[in-house]
1. Out of (1) over 24 Å from Gln27 (Cα atoms); (2) touching an Asp or Glu at 6+ places or on another chain (Cβ under 6 Å), what's the single condition that is false for Pro164?
2. May I ask you to say which residue of Val210, Val296 is hydrophobic (A, V, I, L, M, F, W, C), outside the structural domain of Tyr15 (by TED's automatic domain parsing) and modelled with pLDDT under 95?
3. Identify the single condition in (1) among the charged types (D, E, K, R); (2) under 14 Å from the mean Cα position of the chain (by Cα); (3) farther than 27 Å from His108 by Cα that Asp156 does not satisfy, given that it satisfies every other one.
4. Of everything in segment 224-251, what is under 18 Å from Asp285 (Cα atoms) and surrounded by fewer than 18 Cβ atoms within 10 Å (Cβ to Cβ)? Give them in sequence order.
5. Checking Gly81 against (1) under 15 Å from Phe155 (Cα atoms); (2) surrounded by fewer than 15 Cβ atoms within 10 Å (Cβ to Cβ), only one condition comes out false. Which one?
6. Any chance segment 263-282 includes a residue that's part of a strand (DSSP E or B), surrounded by 13 or more Cβ atoms within 10 Å (Cβ to Cβ) and within 28 Å of the chain's Cα centre (by Cα)?
7. Go through the residues of segment 230-239 one by one and say whether even a single one is under 20 Å from Gly250 (Cβ atoms), of a type in the set (Val, Ile, Thr), touching an Asp or Glu at 6+ places or on another chain (Cβ under 7 Å) and assigned to a helix (DSSP H, G or I).
8. So which of Gln83, Gln79, Gln61 is more than 17 Å from the chain's Cα centre (by Cα), closer than 22 Å to Val201 by Cα and not β-branched (Val, Ile, Thr)?
Amino acid sequence: MSRPVIAVDALEKTYGAVRAVDSISFQVDEGEIFGVVGPNGAGKTTTIECLEGLRVPDGGQVRVLGLDPRRDGDALREQIGAQLQDCALPARLRVGEAMRLFASFYAHPLAPAPVLQSLGLADREKVAFGDLSGGQKQRVSIALALIGDPRLVFFDELTSGLDPQARHATWDLVRGIRAGGKTVFLTTHYMEEAERLCDRVMIIDTGRIVALDTPAALVRTLGAEQRIDFRADGLGEDVIGAIRSIPGVGRVERSADHVVAYGPSDRILPPILAALQAARLTFRDLQTGQPDLEDVFLALTGREMRD
């Protein structure tokens, strides 16, 4: 059995009175896309920075590619690539110049031209970083993370701020990186991103692991629930109470005029509509669907994902 690419045991990191990472343990296997999801402030970036050797843990053990990021930093950096959450290049630095600069940091880098070609940036080599679009800048950050030909690649909030088209294109690039034999560790607060990309997902909140499994297995933890999602003005607690009392309704979540009820939709939808009609309320934006990772997060933590 192969040794895990990442092995973490009881990792802790505090900032004053704040316990950013609270004794978490997990491992990442070779060749997988492993995702860490959670709201801002959950401890995602602190965790990834401890793995990269950018922060010193206050407790626990971390091994990345069999190395201690604190003691073996130079050796580790030869084998990993990283795209940081807050990373920007000088606006006048050309793409090709940035690639050659970063290549000089490694003993055995890849040639810049093929990397740029693979990411659709061959025609951007002489373009200044400040003149690139948001999606192109993200692709450059991926190229810089790959120039050292790493075994393990870290992406921290890679698609934050991108439009949907650029986000989906970036997902395809990440899949291609894994297909090339590399292991990918990423953090995100987009639950759809984790569900679409990752082989396994670790959900953390307030520095603690609340779930870790494949996306499909995490969704199965909710059972066979479906959700009915609608909006209605003038909702009172009497109506919400009536919906909660309907046989088959597992739980009901409400935010202002927005209601989500969980249960088998063929059984609970007609009585929900009847309850709204009895209260003389008009509904809109009615949708039914299967649970997803965001529903898992909400069930485990009691609140929606937040930006």
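The values are calculated or read from the model by the stated rules, or taken from the named source; none is laboratory data. Being a predicted model, the structure only gives us computed values, none of them experimental. All Cβ positions, glycine included, derive from the backbone under ideal geometry; neighbour counts span all protein chains shown.
1. Single failed check for Pro164: (2).
2. Going through Val210, Val296 in turn, the sole match is Val296.
3. Exception for Asp156: condition (3).
4. Asp229, Arg231, Ala232, Asp233, Gly234, Ile240
5. Condition (2) is where Gly81 drops out.
6. Yes: segment 263-282 contains one or more residues that are part of a strand (DSSP E or B), surrounded by 13 or more Cβ atoms within 10 Å (Cβ to Cβ) and within 28 Å of the chain's Cα centre (by Cα).
7. No, every residue in segment 230-239 fails to be under 20 Å from Gly250 (Cβ atoms), of a type in the set (Val, Ile, Thr), touching an Asp or Glu at 6+ places or on another chain (Cβ under 7 Å) and assigned to a helix (DSSP H, G or I).
8. That would be Gln61, the only listed residue that is more than 17 Å from the chain's Cα centre (by Cα), closer than 22 Å to Val201 by Cα and not β-branched (Val, Ile, Thr).
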